[in-house]
Amino acid sequence: MSYNHSPSITAETINQKVRIFTYEPCGEIVRHARRLEKEIYENPGSLPFQEIIYCNLGNPQALGQRPINFFREGVRGLREAVADGIAARDGFPSKPDNIFLTDGASSAINMMMQILIRSHEDGILCPLPEYPLYSASIILHGGTMVPYNLTEDSIWGLEIFEVKRCLEDARASGLTIRAMVVINPGNPTGQVLSITNQEEIVEFCRKEGLVILADEVYQENVYTENKRFNSFKKVARSLGYDHHDLSIVSFHSVSMGYYGECGRRGGYMEICGFGDDVIDEMYKLASLTICPNIAGQILISLVMDPPKLGDEAFEIFMVEKEETYSSLLKCAKALQKAFSGLEGVSCNKFEGAMYLFPRLRLPQAAIKAAQLEGVSPDVFYAHRLLDATGIAVVPGSGFHPVSGTSHIRCTILPGEETITAMVPSLQAFHEAFMDEFRG
């Protein structure tokens, strides 16, 4: 008997959609950082820095943020607690039966794409720059991403006429647009939508019959005095629209906020404006995974029902929460100041989430050098930064900004001491980089 000695599975034999999409937050820059980290461990002193500073991911505790003690303890009810927390936050009722507890927001987003996308003729409106989970999920489920551009000069604001143009162009090409993704506060851009912007989106989606997919995982990360977080459900209800008028799905996660429990994989999605028959189908689909992990379920209920005045844990909870907020804001201000002071770099005011997304205007010689290496200018810059300083950021091209622009995404999470120490290295590298390629 003869046997086939070729591998049973190769890059050519897997689902090719998996090969098409990219996910730069864990891409080549990070893989290279891991190689350099191994080099530091195996050959101390061989590189011009002593450690790798990971500014590429929004994983707070992996970068030293202390966990909130309350979230490591037990609690009462689950979906009921989440629904009560949503109602307290928004001032409008929330039904436990409309809450799906999930293994983080990512699994919920994938589930909604699986529900909404029937073929490549179904389109999903997504912001650019985007968090690449969305384009990846749309590709994997066979749909078509319909991008709309955020405006960098307006602090990454959303222009509703731009969204309308994209919708009309997509429909003219034969696509059926099912939903609009909105990330608020923004990732990777760090902006917080104004209430006026949110009202425009609600009116637009109601008129056009689109589901709002509201990524609200950074709702606790708002650092600007003149704005606050408002859920899209709250905005819609405040305008007088109920579940008969508009469909909204909101996502939340224990991974972000001041809690930063990435490894716990807890989250929820709240479904508003879906018929019982649709919700029955969603429960059937969710049942394929049996249930989300119990620890994550408990933790998201704690996030939405934290200690209140008079509770035994309230005082220490508030101290830890305020310490975390204060530290994140100090880090954000230090990095924003540092980036804004670099030659050829502009950085919008930090408003929310966990990231800065500075724009790089690199010399033509640097752009040509990147072309010779077969990479984009931002990847070229990020590689050089990592090799010279040990600072790992994410090339902005992985988030698909406007063509012809270069950015990097840098998290604010490494901690005050680390940020303070890394800023001079960043400044020295950038000055040397510009001097090398200026002429």
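The values are calculated or read from the model by the stated rules, or taken from the named source; none is laboratory data. Quick caveat, the model's predicted, so the values are computed rather than measured. Positions of Cβ are generated from backbone atoms using ideal geometry, with glycine treated the same way; all protein chains shown enter the neighbour counts. Just so you know, the surface numbers come from the protein's heavy atoms only, side chains and all, with ligands and any DNA or RNA stripped out. Shrake-Rupley method; radii C 1.70, N 1.55, O 1.52, S 1.80 Å.
Points worth noting:
- Accessible surface of the stretch 183-229, 1.4 Å probe, proportion on carbon and sulfur as whole %: 39
- Per atom type, the stretch 314-437 shows carbon and sulfur on 53% of its accessible surface, probed at 1.4 Å.
- Farthest positive-ward along the chain dipole, Cα basis, beta-carbon charges - from LEU36, LEU356, PRO306: LEU36
- Rounded to the nearest 20, the size of the Cβ-charge dipole of the chain about its Cα centre is 420 debye, with Lys and Arg at +1 and Asp and Glu at -1.
- Packing-based ranking, highest mean first, of 236-244, 204-212 given that Cβ atoms within 10 Å are counted: 204-212, 236-244
- Contour excess over end-to-end distance, with Cα ends at GLU323 and THR176 and 0.36 nm allotted per residue: 48.2 nm
- Spatially proximal lysines relative to LYS284 (Cα-Cα < 23 Å; intrachain offsets below 8 disregarded): LYS95
- Protection proxy ranking of 408-418, 90-100, 42-52 - average other beta-carbon atoms within 10 Å, highest first: 408-418, 90-100, 42-52
- Length-normalised contact order for the stretch 16-304 - Cα pairs under 8 Å, 6+ apart - percent: 23
- Kirkwood analysis of the Cα pair distances in the stretch 16-304 returns a hydrodynamic radius of 20.2 Å.
- Summed over the residues of the chain and divided among them, the accessible surface reaches 45 Å² per residue at a probe radius of 1.4 Å.
- Expected 222 nm ellipticity per residue - DSSP helices of 4 or more, -39500 (n - 2.57), all of the chain, to 500: -13000 deg cm²/dmol
- Per residue, the convex hull spanned by the Cα atoms of the stretch 314-437 measures out at 104 cubic angstrom.
- Partners for LYS207 among aspartates and glutamates (Cα-Cα distance below 19 Å; same-chain residues under 8 apart left out): ASP122, GLU159, GLU162, GLU168, ASP169, GLU199, ASP242, ASP245
- Using only side-chain charges placed at the Cβ, +1 for Lys and Arg and -1 for Asp and Glu, the dipole size of the stretch 314-437 relative to its Cα centre rounds to 440 debye.
- Ranking MET434, ILE412, MET282 by Cα position along the charge dipole of the chain, where only Lys, Arg, Asp and Glu carry charges on their C-beta atoms, puts MET434 farthest toward the positive end.
- Selected from SER250, ILE183, LEU193, residue furthest toward positive end of dipole (the stretch 183-266; charges at beta carbon): SER250
- Listed by chain and number, the lysines whose alpha-carbon sits under 24 Å from that of LYS330, ignoring those within fewer than 8 places in the same chain, are LYS227, LYS321, LYS349.
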